[in-house]
Amino acid sequence: MSKRKTQVMESFGPRLASLRKAAGYTQVEFAAEVGITQRMVAYYEAPDAQAPAHLLPQMAATLGVSVDVLLGLAAPRAPKKIATNRLERRLLEIDKLDPKAKRQITQLLDSFIEGQKLKQRATQRAGRASEAQH
């Protein structure tokens, strides 16, 4: 009996890496979402690697694709709304919260943004004042 791997499994690692990057995850972030270590992600992304079957559903869900897409049995569809970076992922999570929690987070963000704008204006004024003295 031959121990040859199928084409689907031979390309699993690079496909996983490509899907992970397209979804905006680092190996560390992806590992945390799936519940494995970064070292395991790096191993599964190797050219000849295969992830255990029990991890495939969680990996696919995290990446926003089907297990068939993850295995290369189906082409990826146009993504629904997959966050491409950490901030977008957080915003999508906030969007799922109840209205009161959303309001509180929005107020917190508004306060933070206003504070940053005030700091920028103060820095600009200080810079102009310094230039005027020279």
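The values are calculated or read from the model by the stated rules, or taken from the named source; none is laboratory data. Keep in mind the model is a prediction, meaning the values are calculated, not measured. Backbone-built Cβ (ideal geometry, glycine too); neighbour counts: all protein chains shown.
Which one of these is among the hydrophobic types (A, V, I, L, M, F, W, C) and modelled with pLDDT under 85: Leu97, Leu16, Leu63, Leu73? Even if it seems obvious, please write down each step before you answer.
Working: Leu16 fails: modelled with pLDDT under 85; Leu63 fails: modelled with pLDDT under 85; Leu73 fails: modelled with pLDDT under 85.
Going through Leu97, Leu16, Leu63, Leu73 in turn, just one is among the hydrophobic types (A, V, I, L, M, F, W, C) and modelled with pLDDT under 85: Leu97.
Do we find a residue being under 17 Å from the mean Cα position of the chain (by Cα) and either exposed (fewer than 10 other Cβ atoms within 10 Å of the Cβ) or free of Cβ contacts under 8 Å to residues at least 24 places away in the same chain (or both) anywhere in segment 66-75? Among the residues of segment 66-75, at least one is under 17 Å from the mean Cα position of the chain (by Cα) and either exposed (fewer than 10 other Cβ atoms within 10 Å of the Cβ) or free of Cβ contacts under 8 Å to residues at least 24 places away in the same chain (or both), which makes the answer yes.
Working carefully through the options Ala32, Ala126, Ala61, Ala42, find the one that is aliphatic (A, V, I, L, M), surrounded by 10 or more Cβ atoms within 10 Å (Cβ to Cβ) and under 17 Å from Pro14 (Cβ atoms).
On the way: Ala32 fails: under 17 Å from Pro14 (Cβ atoms); Ala126 fails: under 17 Å from Pro14 (Cβ atoms); Ala61 fails: under 17 Å from Pro14 (Cβ atoms).
Every option except Ala42 fails the conditions.
Taking segment 38-75 as the range and being outside any helix (DSSP H, G or I), under 20 Å from Arg89 (Cα atoms) and polar (S, T, N, Q) as the test, only Ser66 passes.
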